[in-house]
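Visitor: This is the structure I have questions about; it appears just below.
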Amino acid sequence: MRTIEKDGSTKWTEKNLPDLTGKTIIITGANSGIGFSTTKYMSAKGATVIMACRNPEKAKKALQSIKNENPGVKLEFIPLDLSSLASIEKFAEAFKEKYPSLDILINNAGMCQTPELKTKDGFEMQIGVNHLGHYALTGRLMDRLMSTKDSRVVTMSSMNHVQGTMIFDNLFLTGEYHQMKAYEQSKLANLLFAYELSRKLAQTGANIESIAAHPGFVKSNIMKSNEHTQRSFSFSLMFNIFDLLLAMTPDMGSLGIMRAATDGTLKNGQYVGPTKMGGFRGFPELLESSEASHNEDDAKRLWEISEELTGVKYAF
């Protein structure tokens, strides 16, 4: 990844967040890691933040934790399981029943290096949650984004997109599944989606911007072993050493996604994230992503496949 020299901001922090009073924001995966930090900071700036999370118990605990620290914040939890197209549709309906506008949609939630699991709709879990789930969610909320002035869609990718390859003839890696290969493909898909969305928005003249971000290397649960992710002893040992020496706090890791969501100097189709130590650490700067992420033919093909698999067609 290459830093773009024309970017004037080299130390963007939460102090650069503008007043967000009156703004409505959805954050997926808002109960932990950078999602939690983003929720905490943006709600403190006056935004109404909808915490779109899979686990009700964890979401409610996270919501209360933020309220205990800042009682005046406006937070609401609406259940969302990105591994279920039915849940995504139900979430969108629940949101639209209550909220007439949507200023910022932050597609943050993700799964990393799972065993070969399937979503409720039969998709490989990592591309199913990381890309297809967010594709469907964004599409189902497009009418609210379209009717809101200067709205934004922010899509979280990863440094690992650089190693990613789109395997269109076997998107779910059936018979050749590898945990990291699936993750890298899903993170490349995030950028292909974000850029294709930005092009479609520009072509239609929609008053929406699509901006992508990556968090760097962050202390979070996404890379740790859990009910969906088991790793070898050697990998876990290596990861723990990297985590100890290189990982940033979730507060620091959330800066990229918050800058992508609110910085008025950024333009439709841009990408921000840390640049120090190969992208592991640092403040969010304007970046150039991999050549593969800018392949417009791949982006169009992915969009067509995503539309077919999810049944969600965007109404621009």
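The values are calculated or read from the model by the stated rules, or taken from the named source; none is laboratory data. Worth saying up front: this structure is predicted, and the values here are computed from it rather than measured. Neighbour counts run over all protein chains shown; Cβ positions are idealised from the backbone, glycine included. To get the accessible areas, we keep the full protein, side chains included, count just its heavy atoms, and leave off ligands, DNA and RNA. Shrake-Rupley method; radii C 1.70, N 1.55, O 1.52, S 1.80 Å.
Visitor: Can you name every residue in region 157-186 that is in contact with a His (Cβ under 7 Å, 6 or more places away or on another chain) and touching a residue at least 60 places away in the same chain (Cβ under 8 Å)?
Guide: S157, M159, S186
Visitor: Go through region 249-283 and count every residue that is closer than 24 Å to A44 by Cα and either assigned to a helix (DSSP H, G or I) or over 15 Å from the mean Cα position of the chain (by Cα) (or both).
Guide: Going through region 249-283 one residue at a time, the tally reaches 20.
Visitor: Whether any residue in region 271-288 is among the polar types (S, T, N, Q), touching an Asp or Glu at 6+ places or on another chain (Cβ under 9 Å) and within 24 Å of K219 (Cβ to Cβ) is what I want to check.
Guide: yes
Visitor: May I pose another question? Of all residues in region 12-61 being open to solvent by less than 10 Å² (accessible area, probe 1.4 Å) and of a type in the set (G, A, S), which is farthest from T262 (Cα to Cα)?
Guide: Among those residues, the one meeting the criterion is A59.
Visitor: Can you name every residue in region 75-92 that is within 25 Å of I127 (Cβ to Cβ) and not in a loop (DSSP other than H, G, I, E, B)?
Guide: Across region 75-92, the qualifying residues are I78, P79, L85, A86, S87, I88, E89, K90, F91, A92.
Visitor: State whether the residues of region 56-68 include one that is under 20 Å from the mean Cα position of the chain (by Cα) and of a type in the set (V, I, T).
Guide: No: zero hits.
Visitor: Looking at region 119-133, I want the residues that are at negative phi and acidic (D, E) and have a partner that is in a strand (DSSP E or B) and modelled with pLDDT of 95 or more with Cβ atoms under 8 Å, at least 6 apart or on another chain. Which pairs are those?
Guide: What qualifies is E124/K118.
Visitor: I need the full set of residues from region 281-296 which are of a type in the set (D, E, K, R) and in contact (Cβ under 8 Å) with a residue 12 or more places away in the chain, in order please. Before the answer, list the steps.
Guide: Just the residues of region 281-296 that are of a type in the set (D, E, K, R), to begin with: 281, 285, 288, 291, 296.
Residues satisfying the conditions are R281, E285, E288, E296.
Rundown of residues vs (1) closer than 22 Å to R152 by Cα; (2) crowded, with 22+ Cβ neighbours inside 10 Å; (3) polar (S, T, N, Q), yes/no style:
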{"residue": "P71", "(1), (2), (3)": "no, no, no"}
{"residue": "L75", "(1), (2), (3)": "yes, no, no"}
{"residue": "L80", "(1), (2), (3)": "yes, yes, no"}
{"residue": "A92", "(1), (2), (3)": "yes, yes, no"}
{"residue": "I106", "(1), (2), (3)": "yes, yes, no"}
{"residue": "A109", "(1), (2), (3)": "yes, yes, no"}
{"residue": "P115", "(1), (2), (3)": "no, no, no"}
{"residue": "Q126", "(1), (2), (3)": "no, yes, yes"}
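Visitor: Could you grab me the full set of residues in region 292-316 that are among the basic types (K, R) and surrounded by 15 or more Cβ atoms within 10 Å (Cβ to Cβ)?
Guide: Within region 292-316, R301 is the sole residue that qualifies.
Visitor: A further question follows. Give region 133-179 a look and list any residue that's under 22 Å from Y314 (Cβ atoms), of a type in the set (A, V, I, L, M, F, W, C) and part of a loop (DSSP other than H, G, I, E, B), or say none.
Guide: L141, M166, L171
Visitor: Now for a different question. What pairs come out if I take residues in region 26-55 that are at positive phi and of a type outside the set (D, E, K, R) and pair them with residues that are open to solvent by 10 Å² or more (accessible area, probe 1.4 Å) and part of a helix (DSSP H, G or I) whose C-beta lies under 6 Å away, six or more apart or interchain?
Guide: From region 26-55, the pairs are G33/P250.
Visitor: So S210 fits all but one of (1) hydroxyl-bearing (S, T, Y); (2) outside any helix (DSSP H, G or I); (3) at pLDDT 95 or above; (4) surrounded by fewer than 24 Cβ atoms within 10 Å (Cβ to Cβ); what number is the exception?
Guide: (4)
Every residue, every condition in (1) of a type in the set (A, V, I, L, M); (2) open to solvent by 40 Å² or more (accessible area, probe 1.4 Å); (3) more than 16 Å from S210 (Cα to Cα), yes or no:
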site	(1), (2), (3)
M142	yes, no, no
M146	yes, yes, no
D150	no, yes, no
D169	no, yes, yes
H178	no, yes, yes
L192	yes, no, no
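Visitor: Still on this structure, I have one more. Could we say that E184 is modelled with pLDDT of 95 or more and either at negative phi or of a type in the set (K, R) (or both) here?
Guide: yes
Visitor: What number goes with the only condition from (1) touching a residue at least 24 places away in the same chain (Cβ under 8 Å); (2) in a helix (DSSP H, G or I) that K60 does not pass?
Guide: Only one criterion in (1) touching a residue at least 24 places away in the same chain (Cβ under 8 Å); (2) in a helix (DSSP H, G or I) is unmet by K60, namely (1).
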